[in-house]
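Colleague: After the structure tokens below, expect a handful of questions from me.
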Amino acid sequence: MSSKSFFVEDDAEQANKFSRKAKESPFMLVGIAGFVAAGLIGAYKYKNRGTMSTSVFLMQLRVAAQGTVVGCLTAGLAYTMAKEYLFDKQPKENSKPLTN
């Protein structure tokens with residue numbers, strides 16, 4: 001057995017995985033940015049929430065975060081479908097050629 005742990009990866013390998021995943025699905029980066037933004041905005045607004053109770057504030061924050069996730073998923077799905085079906089000019093291998 002090697003001295004390296006099973007769960008530890010090289011930094012270069014981890015960066016390579018991240019860059020490959022970002023190229024495959026660019027909306028992953030948008031989702032991560034939305035998650036961080038929702039957390040930061042929520043922390044700021046929690047500090048300045050006024051007389052609103054904590055439970056109501058957290059419910060509203062949860063709905064906003066879920067809306068962000070659904071929006072990112074929808075945009076990513078639309079991008080993937082457009083890239084695959086509208087912008088792909090190469091014929092598929094399983095499609096039949098047109099004959100007259």
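Colleague: Would you kindly derive the ³J(HN,Hα) couplings of the stretch 22-38 from the backbone phi angles with the Karplus curve 6.51 cos²θ - 1.76 cosθ + 1.60 (θ = phi - 60°), listing them in order in whole Hz, with x for Gly and Pro?
Modeller: So the J values, rounded to whole Hz, are 5, 6, 5, 9, x, 6, 5, 5, 5, x, 5, 5, x, 4, 5, 5, 5.
Colleague: Still on this structure: Carbon and sulfur atoms: what percent of the 1.4 Å accessible area of the stretch 30-73 do they account for? Before the final figure, lay out each step's value.
Modeller: Numbers: 2480 of 3330 Å².
For the stretch 30-73, the apolar C and S fraction of the accessible surface comes to 75 percent.
Colleague: Give me the net charge for the shell around Gln60: Cβ to Cβ below 12 angstrom, other residues only, Lys and Arg +1, Asp and Glu -1.
Modeller: Local net charge: +3.
The values are calculated or read from the model by the stated rules, or taken from the named source; none is laboratory data. Please read all numbers here as calculations on a predicted model, not as lab measurements. Cβ coordinates were reconstructed from backbone atoms using ideal geometry, including for glycine residues, and neighbour counts include every protein chain displayed. When the accessible area is computed, the model is the full protein with side chains, heavy atoms only, and any ligands, DNA or RNA have been set aside. Shrake-Rupley method; radii C 1.70, N 1.55, O 1.52, S 1.80 Å.
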